[in-house]
Amino acid sequence: MAQRAFITGITGQDGSYLSEFLLAKGYEVHGLVRRSSTFGTERIDHLYLDPHLESARLFLHYGDLTDGNTLSRLLQEIQPTEVYNLGAQSHVAVSFLNPIYTADVVALGTLRLLEVVRQLDQPVRFYQASSSEMFGKATEVPQNEETPFHPRSPYAVAKVYAFWQTLNHREAYGMFNCNGILFNHESPRRGETFVTRKITRAVARIKRGLQERLYLGNLDAERDWGFAGDYVRAMWLMLQQDEPDDFVIATGTRRSVREFCEAAFALVNLDWEQYVKIDQRYLRPAEVDMVEGDASKARRVLGWEPTVAFDQLVEMMVEADMELAAHERTLVDAGLKQVEWRQGRHD
Ligand code: NAP
Ligand code: G4F
């Protein structure tokens, strides 16, 4: 039987890379999309609109992780062989502002989906997008599958709930459920309000004269940053094993936000200290000071390795944003576009 995947969060960074990956493997791919007054499918339009290749095997369905009835109807119709739960209110700072909505989508949304999957006729392999944020105020460095959780945000608390529901459904009902505990992963498709992309967008726009400064919060925070394309491969590998299990996915190196700034500005020969300013609004009520992952279990069992190092990742993102900014500059020079947010936005 042809492999048929159902992906929540298909319009997000990871959803787009995972869709490409699965379509290339011959999967039929079904994705959940939220209705919006704008399209919001930019990251997958190249797949959906391609008349030659993948589009015939890519299907989008309106729905929402807060709407269990629709999830049930869709999965009964689609009868997927694999389900990837990537949908989330995924912004940590926003989760402090909208904690109950975040819990509804991230925690209860996962439970809704698990309950629907549990009631399907055929066995389904289930991937849960768990997060290194669950380690939070970590008790050891680096963190592995045995490290206790100490979540530091409503988002992270909701992810811990979803992690345990996924595991409990595995133990209670024998479901093939895997938690991928993924450390930060980035790409040119990263949302613009996450710090790496916020920096690379600003670097390119400052270089092209479209922005004056970059306002950030905590420059001392350290993250283990990898490339999203590598990380979706790990998701798939988890579901191809004989037994379901949980895996940390990380590069094993960490850098500070300050170091990311230095590297990104240096690529366009600018001194980051002249442009980066601190804005208290970007500080969080509780912070994850540092995370660094130990992915040795994934290397050993899955044969997974990251292929993109920190410097290559920064370069890839700056290059892509330089192209975007060049296009924006052309529009501005032709009088077709106004220069927007010279100072940056709150996120
Ligand atoms: P992202 O770019 O923010 O994408 C999130 C996706 O979830 C989008 O498609 C979004 O749809 C969808 N979504 C939001 N609310 C929803 C709802 N109520 N119902 C259904 N879908 C909803 O996130 P990402 O970086 O691709 O991350 C994918 C998953 O991995 C998330 O669960 C995230 O929490 C987790 N994770 C990410 C990282 C990382 O570093 N990227 C690390 C660990 C774990 P719209 O396009 O309509 O907003
Ligand atoms: O890029 P961030 O917003 O990512 P964060 O909070 O680590 O969360 C991301 O990675 C998680 C995996 O560990 C995912 F689960 C989650 O869904 C999301 O994808 O912030 C990274 C660091 C933080 O310490 C933050 O305080 O950068 C610091 N930071 C400093 N200035 C900033 C800013 N973050 C943002 N978003 N914006 C700033 O201006």
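The values are calculated or read from the model by the stated rules, or taken from the named source; none is laboratory data. Bear in mind the structure is a predicted one, so any value in this text is a computation, not a measurement. Heads up, the Cβs are rebuilt from the backbone with ideal geometry, glycines too, and the neighbour counts pull from every protein chain shown. These accessible areas exclude ligands, DNA and RNA; they are computed on the full protein's heavy atoms, side chains included. Shrake-Rupley method; radii C 1.70, N 1.55, O 1.52, S 1.80 Å.
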Computed log₁₀ I(q)/I(0) - Debye formula, equal Cα scatterers, no solvent, region 131-173, q 0.22 Å⁻¹:
-0.71
Taking every eigenvalue of the Cα gyration tensor of region 100-144, multiplying by 5 and rooting it, what semi-axes result, largest first, whole Å?
28, 16, 6
In Å, what Rg and Dmax follow from the Cα atoms of the chain?
20.1, 62
Rounded to the nearest percent, how much of the accessible area of region 221-347 (1.4 Å probe, protein heavy atoms only) is carbon and sulfur?
46
Please work out the C-alpha center-to-center distance from region 171-194 to region 257-290 and express it in whole Å.
25
Can you list, largest first and rounded to whole Å, the semi-axes you get for region 142-212 by taking the square root of 5 times each eigenvalue of its Cα gyration tensor?
37, 13, 11
Folded to 0 to 90 degrees: helix 228-239 orientation relative to the chain principal axis, Cα:
10
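Quick check on the chain: helices-only [θ] at 222 nm, where DSSP H runs of length 4 and up contribute -39,500 (n - 2.57) each and the sum goes over total residues. Nearest 500, please. Can you show the working numbers first?
Working: 11 runs with 127 residues, N = 347.
Helix-only estimate at 222 nm: -11000 deg cm²/dmol.
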What number do you get for region 150-290 when its Cα radius of gyration is normalised by 2.2 N^0.38 Å, N = residues?
1.27
Counting Lys and Arg as +1 and Asp and Glu as -1, each charge on the Cβ, what is the dipole of the chain about the Cα centre in debye, to the nearest 20?
720
Relative contact order %, region 214-347, counting alpha carbon pairs below 8 Å whose residues are six or more apart
37
Any idea what angle helix 257-266 forms with the longest principal axis of the chain, computed on alpha-carbon atoms, 0 to 90 degrees, nearest 10?
60
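Please list 130-143, 90-103 highest first by mean number of surrounding beta-carbon atoms within 10 Å per residue.
Details: 130-143: 21.2, 90-103: 17.6.
With the highest mean Cβ count within 10 Å placed first, the list reads 130-143, 90-103.
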Round to the nearest 10 and give me the degree value, 0 to 90, for the angle of helix 109-118's Cα axis relative to the longest principal axis of the chain.
30
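What's the whole-number percent of alpha carbon pairs in region 27-88 lying beyond 13 angstrom?
67
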Report the extension gain between GLU262 and HIS327 in nm, rounded to one decimal, defined as 0.36 nm multiplied by the number of residues separating them, less their alpha carbon distance.
20.9 nm
For region 194-254, what does the alpha-carbon gyration tensor say about shape, rounded, prolate or oblate, given a ≥ b ≥ c as the root eigenvalues, a/c under 1.5 as rounded, and a/b over b/c as prolate?
prolate
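Obtain the radius of gyration and the Kirkwood radius of region 1-114 from its C-alpha atoms and give Rg over Rh.
Ratio value, two decimals: 0.97.
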Convex hull over the alpha-carbon atoms of region 63-128: what's its volume per residue in Å³?
71
Strictly over 25 Å apart at the Cα level, which of LYS159/LYS297; LYS207/LYS337; LYS25/LYS198 would you flag in this model?
LYS25/LYS198
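Quick one: compute the contact order of region 52-119, relative version, from alpha carbon pairs under 8 angstrom and 6+ residues apart, as a percent.
It comes to 43 percent, rounded to a whole number.
Which value, in Å³ per residue, describes the convex hull spanned by the Cα atoms of region 219-347?
In region 219-347, the Cα convex hull volume per residue is 151 Å³.
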Can you grab the distance from the C-alpha centre of region 113-160 to the C-alpha centre of region 226-246, Å, no decimals?
14
tail above 20 Å in the computed P(r) of region 53-195, as % of all Cα-Cα pairs, reads 51
Might you tell me the accessible area per residue for the chain, computed with a 1.4 Å probe and given in Å²?
44
